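Beneath this line is the structure, given in structure tokens, with notes to follow.
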Amino acid sequence: MELLNLLIILFIGGAAAWVGEHFSKGLSRWISLLFIAVAAVSLLEMLSNIPAPTFLKDPITKDPTTWLIHGRADWIPRFGISFELALDGLSLLLVVLTLFLGAVSVIASWDEIDKHQGFFQANIMWTLTGVIGVFIALDLILFFLFWEVMLVPMYLLIAIWGHEDKAKAAMKFFIFTQVSGLLMLLAMITLAIFVKDANGYWSFSYFDLLDNNLTSSLATFIMLGFFIGFTVKLPGFPFHTWLPDAHTQAPTAGSVILAGILLKTGAYGLIRFTVPLFPEASIAFAPIAILLGASGVVYGAILAFGQTDFKRLVAYSSVSHMGFVLLGVFAWNALAIQGAVMQLVAHGLSTAALFMIAGALQHRLHTRDLQKMGGLWQSMPRMGALAMFFIAASLGLPGMGNFIAEFLVLAGLFQVYPWLAVVSSAGLITGAIYSLKLIQESFQGAPDDTLTPPDFSALAMSAMIAMLIGLIVLGIFPQLVLDISQPVINALTSEITL
Amino acid sequence: MTGTDFLALSPIIALAVGASVLLLQIAFLRNLKLTTGITVVTFLACLFFLFYITKLNHQTTPLLLVDPLSTFFSIVFVLCACITTFISYEYLKNRPGRNDEFFLLVVLATMGSIVLTYATHLASFILGLELMGIALYGLIAYPHQDDMSLEAAIKYLVLSGASSAALLFGFALLYAITGSLFFPDLLSGLASPEVAVGPQSPFWARQLILLGSALILAGISFKLSLAPFHMWTPDVYEGSPAPITGFLATISKGAVFAATLRLYVIGEFHNFPTIVTGLTILSIISILVGNLLALRQENIKRLLAYSSIAHFGYLLIALIAAGTLTPNGISAIEPSAYYLAGYIFTTLIATGLIAAISSSNNEENANLSDIAGLFWKNPLLALCLSVSLLSLAGIPLTAGFIGKLYIFQMGVEAGAWLLLSILIIGSGIGIYYYLRLIFSMTTDPSSSRSTLAPALPVTVSLITLTILVLYLGIYPQPLMEYLLWNT
Amino acid sequence: MENLAAEQSILPVFVFFGAILLLVATMLGIASVLGERKQTKTTDLPYESGIIAVGSSQVRLSVDFFLIAIFFVIFDLETVFIFAWAIAFFELGWHGYLAVVVFILILTIALIYEWKSGALNWGVKSQTARKETS
């Protein structure tokens, strides 16, 4: 149960940050960073106790003892609900990403947030707690708990510190996720009841529920419950409408967390739960899911091109990029899933960086409107160069993580649905178009002498450079990440063949 | 009457003695502090006896059956009544006029609620209902200089009287068919060969049962404010003094539900398709009407009124599903008892907070603007209200979530897919107005002119309730086991 | 067969009920059909031997009258319970006696309360109350 420490550290960190505000203004930011660092150290300490070969050995999905870390304690025996936390390569990657982007979001909000700083930091920390909980909870009800609980601080982040239309955006975000979450809860309970009727005892544990012999029609309905729950969060076409509003209205740190981590919980759920729990139903459904994914890729790109709002453009580009994840998951071969996982990490970094730039621009210029920008490179060369880099990464330039991810997904998809792979690769071209439009209209062009905002601070630069290095490493040595997730994906794809 | 009888009745006797002492004290020495003190002591004594008899299962006269389940309900009600007392003291202490009798009426209404919970006889059902009702008329009209509260009281009086009449007529018809008023005999009476409910039973029996059950359903739906019998709820909640809004929304409704639950389970009414169909329709309409009408409310009391309509719609799902799960419908008890307890604590936090704001300003403050900026003015109480609202919305870690989990589980096992989809739609709509309240707590405090300076007992009560709601949400196992073993 | 018996036993009640309805409807119906109608200026006045109304009919009654009426109802109802007990005095024995003692005790407490709070003071209460609030 040492994984519990991770959650406790982050949760207490949030409370401490809230209290810290009363002692000194600005103290809460340091407290947040400190507690994220402590959490990272405790994660490292946990990992150092695991013998190295375990990381490379393929686990058996149904056997928790073969996972990296596993712990279980009874929680509500009445319904067989347990406090079950486990870690494998896939969740490890995402937990690390979460901690890293958590620190980035704290830095992103460093100067931006004036009022109620302590409560702001507390909400960031609690969102991180929820997200990490989602990645390591292997009891379905516990998973659902974290899934819902992370919404509340996120809602507050948008509703309190958001921009002009915050109330509506925050509400939309919450209602979309909550209603789809309830569908998922219904599906979980239905699944657990059928397994109970077969086994004779209640259990919501992932490992018990994997062995379900559902009839195909019922499995389809339950699978759809899970699929909708996760696809809304991903967001997949046509459930993406909450995303542009939420991303645009959220404060910078909120956007970073939303785009960088929260969306990944949906993808994680698809890989971890939807397909392994209902393999047959997923096979039958895969063509539709892939069609939705391909539509998302193209549709998101087209909408992104039409935007004049910096953040909204990046938000729609997320819809497009997350379409690749849907493609990768439902193509269900090792290559495509690797691509999807890679996309999670690479997109997390590149979009977080872009939102941070967008936030910095908004903080300096008080607008997100691309038409009011232009020629900013002159006054902010460092920010301009970084923006150029991350936009290039986001459009999938070879040498950076996003390229590897999208290439793997398309290569994997080509083996299964060659035509859809061709259509989706159009997303790469449109991606280039809107990305270049973004950099042209904001940083390039004739310099405007009335706009002389200050450049990035040293602290912000350090965060940006860290993300930059990360993306390059992912692009040049993708094997580092692939090796961590490879055993899990091998296990999944060998046990379940679509 | 034996010793056990007296022991079983001890909570009711404690309240009756307390009420008499209060009468004498008010007659000779009017002192609000003293009155509050005696009331609290009365409730504590009652709680003591209730905890003492948690394991007792005893039929005391045909009227009352004391069993662990109803004792559990009574504990919840008396606890809430005790908290209502603290809140009421703050509310009344700066108001003009004679305020002492308020507490007397609170004690009497609580006594009515316990009688209702213990009722196993249609006579004690009516007795408890009316004892509670009559005390409540007085309580609602207590600030009698206020037009709103007079209007609310008269509305409640007339409509409640009409619904009691419908209920009585329904009971009379039930008596005409079965020849008994005692719950267990109702079952055997309905199952007797000359009635033998079913398609081949005599025509007159079927007609009388139809009419009787329709009247009883209507009467009880009025008391539980299920749509379409809900019209009075928002007006009465809005007009009542804030602590009494809490009493109406929690104890009064809870007691009626507890008694109905017992009538339903012992009488095995789930065997009557008419009643189950009726309940299904009531549940669907209540969920939709309650949630939709709550959307545009600016007054928090009205909002809570509509939300309570929706919540009792959710609760009915447990009753409807119970029949298909177990032959005797006993499976309805555990989920609905848990849900009800969670709902009561949760709602009392919200109404208690409104009462606290109203007491701090010495007027009725229940508008959205009155809680504006609460997060920055009083973070602790804002957190309490947030927990309460999230629990009403059914977010995990709160009692409301476990309640929803139960309802979902019942619905799925019974295959009530229509009701479940309505439940999901309703919850989706519900989130909107609960979040609206949370959002207005986070806005700029300068837009609100009301202050909040609660006294220590009120703060402690609200925090206790919040901890209870969180406890029921985080560690539900003990209560689940208690309810499971005792049904 | 038993069903039939039960049905027959309740049948006369329905017949009786129906007969009443029929009778009343006939009386009212015939009167309205055959009755003579005349609209003069005295039609709406009370019957000849009555007294012609003076002033508005909506006068304010003193609230004390209602109080007296309520007290009458309360104390009258109490005697009903005590009568019922008195009739079955020997069958109920000491249990019944104790129950009635408690009943009367509670009544006495209520009476003391009413007395002390000035409900029994005819016409004075409203003045004292006014004094207290002012």
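The values are calculated or read from the model by the stated rules, or taken from the named source; none is laboratory data. The structure presented is a predicted model; accordingly, all values stated were derived computationally and were not measured. Cβ placement follows ideal geometry from the backbone for every residue including glycine, while neighbour counts extend to all protein chains displayed.
The table for this structure:
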item: Residue in the range C:26-36 that is polar (S, T, N, Q) and in a helix (DSSP H, G or I) present; result: yes
item: Close pairs from the range A:457-486: first part of a loop (DSSP other than H, G, I, E, B), partner hydrophobic (A, V, I, L, M, F, W, C), Cβ under 7 Å, at least 6 apart; result: A:478/A:342; A:478/A:404
item: Candidates A:189, A:160, A:193 - the one that is under 30 Å from residue A:309 (Cα atoms) and without any contact (Cβ under 8 Å) to a residue 60 or more places away in the chain; result: A:160
item: Yes/no for residue A:165 being of a type in the set (D, E, K, R), surrounded by 24 or more Cβ atoms within 10 Å (Cβ to Cβ) and within 14 Å of another protein chain (Cβ to nearest Cβ); result: no
item: Some residue of the range B:283-293 being surrounded by fewer than 21 Cβ atoms within 10 Å (Cβ to Cβ) and touching a strand residue (DSSP E or B) at 6+ places or on another chain (Cβ under 8 Å); result: no
item: The listed residue being within 24 Å of residue A:145 (Cα to Cα) and surrounded by fewer than 23 Cβ atoms within 10 Å (Cβ to Cβ), out of B:389, B:380; result: B:380
item: Scan of the range A:259-283 for residues that are within 19 Å of the chain's Cα centre (by Cα) and β-branched (Val, Ile, Thr), ordered by number; result: A:261, A:265, A:271, A:274, A:275
item: Flag if residue B:255 is surrounded by 24 or more Cβ atoms within 10 Å (Cβ to Cβ), over 24 Å from residue B:231 (Cβ atoms) and among the aliphatic types (A, V, I, L, M); result: no
item: Residue that is under 19 Å from residue B:235 (Cα atoms) and part of a helix (DSSP H, G or I), where the choices are B:292, B:261, B:282; result: B:292
item: In the range B:230-244, the residues that are more than 19 Å from residue B:370 (Cβ to Cβ) and surrounded by 22 or more Cβ atoms within 10 Å (Cβ to Cβ); result: B:230, B:233, B:236
item: Subset of the range B:18-38 (residues that are under 24 Å from the mean Cα position of the chain (by Cα) and within 14 Å of another protein chain (Cβ to nearest Cβ)); result: B:18, B:19
item: Count of residues meeting criterion [in a helix (DSSP H, G or I) and of a type outside the set (Gly, Ala, Ser)] in the range B:449-465; result: 9
item: Test: residue in the range B:253-262 that is under 15 Å from the mean Cα position of the chain (by Cα) and among the hydroxyl-bearing types (Ser, Thr, Tyr); result: yes
item: Residue check, residue A:114 surrounded by fewer than 24 Cβ atoms within 10 Å (Cβ to Cβ), free of Cβ contacts under 8 Å to residues at least 60 places away in the same chain, more than 8 Å from chain B (Cβ to nearest Cβ) and in a helix (DSSP H, G or I); result: no
item: Some residue of the range B:435-448 being in a helix (DSSP H, G or I), crowded, with 16+ Cβ neighbours inside 10 Å, charged (D, E, K, R) and within 14 Å of another protein chain (Cβ to nearest Cβ); result: yes
item: Hits in the range B:369-390 - residues which are under 28 Å from residue A:180 (Cβ atoms) and away from chain A (no Cβ under 12 Å); result: B:385, B:388
item: Hits in the range B:299-328 (condition: at pLDDT 90 or above and outside any helix (DSSP H, G or I)); result: B:299
item: Answer from B:120, B:71, B:84 - the residue that is closer than 16 Å to residue B:249 by Cα and crowded, with 23+ Cβ neighbours inside 10 Å; result: B:84
item: Residue that is surrounded by the fewest Cβ atoms within 10 Å (Cβ to Cβ) [pool: residues in the range A:440-456 that are polar (S, T, N, Q) and touching a residue at least 60 places away in the same chain (Cβ under 8 Å)]; result: A:452
item: Residue tally, condition of a type in the set (Phe, Trp, Tyr) and crowded, with 16+ Cβ neighbours inside 10 Å, over the range B:17-66; result: 2
item: Residue A:160 vs. criteria at the interface with chain B (Cβ under 10 Å from one of its Cβ atoms) and of a type outside the set (Phe, Trp, Tyr); result: yes
item: Output for the range A:198-229, where each listed residue is part of a helix (DSSP H, G or I), of a type in the set (A, V, I, L, M, F, W, C) and within 22 Å of residue A:71 (Cα to Cα); result: A:207, A:209
item: Residue match in the range B:152-159 (condition: surrounded by fewer than 19 Cβ atoms within 10 Å (Cβ to Cβ) and either in contact with a His (Cβ under 6 Å, 6 or more places away or on another chain) or not aliphatic (A, V, I, L, M) (or both)); result: yes
item: Any hit, the range C:92-108, residues being aromatic (Phe, Trp, Tyr), free of Cβ contacts under 8 Å to residues at least 60 places away in the same chain, out of contact with any helix residue (DSSP H, G or I) (no Cβ under 9 Å at 6 or more places or on another chain) and at negative phi; result: yes
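Yes or no, residue by residue, for (1) within 19 Å of the chain's Cα centre (by Cα); (2) buried (at least 24 other Cβ atoms within 10 Å of the Cβ); (3) modelled with pLDDT of 90 or more; (4) at positive phi:
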site: A:217; (1), (2), (3), (4): no, no, no, no
site: A:257; (1), (2), (3), (4): yes, yes, yes, no
site: A:285; (1), (2), (3), (4): no, no, yes, no
site: A:291; (1), (2), (3), (4): no, no, yes, no
site: A:305; (1), (2), (3), (4): no, no, no, no
